Amino acid sequence: MKRPGARGQATAAALLLAFGVAGCDEGSDTPPTSPTAPTPAPAPAVPAPIRCAEEGRVLEFGFFALYEPISYRAGDDPMSAAFDEHLGYEADLLTALEAMDGAGLSFNRRGIDAWPGIWLLPAGPDYDLVGGGITILEERTRDASGAPAVAFTSGHVTFRHSLLVRGVDAAELAEYSDLTSEARVGVSMETTGESRFLQIVGLVDEDGALLAGTSVTTPEGVVVADGSEAFRIAASGSSENLAGRSELIPPSPGYPQVVFFGAESVRSEHLLALLNREVDALAGDEIGNRAVEQVSAGLLVVTALDTEVEHGGFALDQSEEILLACLDDKLDYLTGEREIGYAEWLANPSVFLERAEAWTP
């Protein structure tokens with residue numbers, strides 16, 4: 001290729017002048033210069049994955065072992081290894097948390113068969129977290145003195161209360177309003193199943209104080225509530241004078257009788273009491289009641305669904321702020337901000353693990 005001659009150079013210079021090349025001041029004899037290209041900004045640093053727990057830490061996780069299908073054990077003997085083998089909805093959720101790349105979560109799971117106050121265990125030395133279908137309640141975050149003790153993670157499961165009745169009685173006991181003093185309803189003590197049921201039917205107020213004139217049978221004899229806080233039944237605990245209660249007689253015909261099942265009782269005993277007509281209904285959450293309904297072939301039916309819902313979460317010591325924030329972030333992802341829950345897990349038990357495997361730190 002030939003080099004451009006003088007004539008070609010002059011033509012090029014004329015074109016540059018005609019289009020006003022940037023950098024050439026009018027009337028200046030200074031030759032044009034090219035604009036300086038800006039220095040490219042450095043690429044943003046990719047942050048390292050945020051670990052929920054420090055390197056090498058294994059979190060001691062206690063789970064309530066008697067709440068099928070949410071959280072239960074593989075074996076009945078508390079002294080066996082199978083008792084610490086965690087099964088159910090929450091078990092699969094924990095496994096998914098462990099599988100999330102970079103989260104740094106590892107759990108040593110231990111079964112617990114005592115329910116009352118289980119949510120306060122992380123405030124002690126033995127457990128970092130506890131779970132097992134624990135409803136998130138502000139009153140459960142405080143210890144017996146009223147001081148803050150534990151905090152709850154984001155709710156990962158939704159609960160709604162209901163009645164479980166014999167199929168032949170379903171039409172007559174379709175709503176809570178159908179319960180009169182002729183009906184006997186079984187409840188588990190120190191649970192939201194107990195406290196919420198009593199609140200729905202009007203036997204306690206919003207603070208748990210029993211309706212004046214209500215009679216309660218206790219190991220010390222029958223006590224009669226005067227409507228004050230001295231006779232209180234709540235999900236976080238009850239008045240000492242109501243400890244070991246076994247039966248409640250309402251003050252008027254507009255309320256049902258209540259049979260209290262102790263913390264040492266098991267679900268099979270409650271169901272047997274219903275089948276044997278010792279009680280006419282069992283008050284509890286819909287998930288547990290639906291699980292029984294599905295295997296009963298119509299013998300037992302769920303009715304009277306509560307209009308309100310509650311959420312269950314994991315409890316940990318209130319000082320574990322970093323761990324709490326990190327767990328919230330991971331749980332919100334796995335559950336799709338509560339769009340993925342028990343029903344989706346029941347249809348596909350691998351749903352949480354699949355989401356964990358798709359997680360990008």
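The values are calculated or read from the model by the stated rules, or taken from the named source; none is laboratory data. In this text, all values refer to a predicted model and were calculated from it rather than measured experimentally. Quick reminder, even Gly has a Cβ in these numbers, built from the backbone with ideal geometry, and neighbours come from all protein chains shown. Surface areas here come from the heavy atoms of the whole protein model, side chains and all, with no ligands, DNA or RNA. Shrake-Rupley method; radii C 1.70, N 1.55, O 1.52, S 1.80 Å.
Structure notes:
- Residue match in the stretch 249-261 (condition: under 25 Å from V295 (Cα atoms) and either of a type in the set (F, W, Y) or open to solvent by 30 Å² or more (accessible area, probe 1.4 Å) (or both)): yes
- The stretch 90-105 residues that are more than 19 Å from V157 (Cα to Cα) and open to solvent by 20 Å² or more (accessible area, probe 1.4 Å), paired with ones that are of a type in the set (D, E, K, R) and not in a loop (DSSP other than H, G, I, E, B) (beta carbon under 8 Å, 6 or more apart): A99/E357
- Residues in the stretch 207-221 that are under 15 Å from V259 (Cβ atoms) and either out of contact with any strand residue (DSSP E or B) (no Cβ under 8 Å at 6 or more places or on another chain) or free of Cβ contacts under 8 Å to residues at least 12 places away in the same chain (or both): T218 alone.
- Some residue of the stretch 176-189 being of a type in the set (F, W, Y) and either over 28 Å from the mean Cα position of the chain (by Cα) or under 29 Å from L120 (Cα atoms) (or both): no
- Subset of the stretch 141-195 [open to solvent by 10 Å² or more (accessible area, probe 1.4 Å) and charged (D, E, K, R)]: R142, D143, R160, R166, D169, E172, E175, D178, E182, R184, E190
- Count of residues meeting criterion [in a helix (DSSP H, G or I), buried (at least 21 other Cβ atoms within 10 Å of the Cβ) and not small (G, A, S)] in the stretch 287-319: 2
- Considering the stretch 237-281, and only residues there that are among the charged types (D, E, K, R) and within 23 Å of I118 (Cα to Cα), the residue that is nearest to the chain's Cα centre (by Cα) turns out to be R267.
- Qualifying residue in the stretch 68-76 (condition: at pLDDT below 50 and charged (D, E, K, R)): no
- Residues that are surrounded by 14 or more Cβ atoms within 10 Å (Cβ to Cβ) and of a type in the set (S, T, N, Q), drawn from the stretch 320-356: T335
- The residues of the stretch 241-286 that are touching a Ser or Thr at 6+ places or on another chain (Cβ under 7 Å), part of a loop (DSSP other than H, G, I, E, B) and touching a residue at least 40 places away in the same chain (Cβ under 8 Å), listed by number, are R245, P250, P251, P253, G254, Y255, P256.
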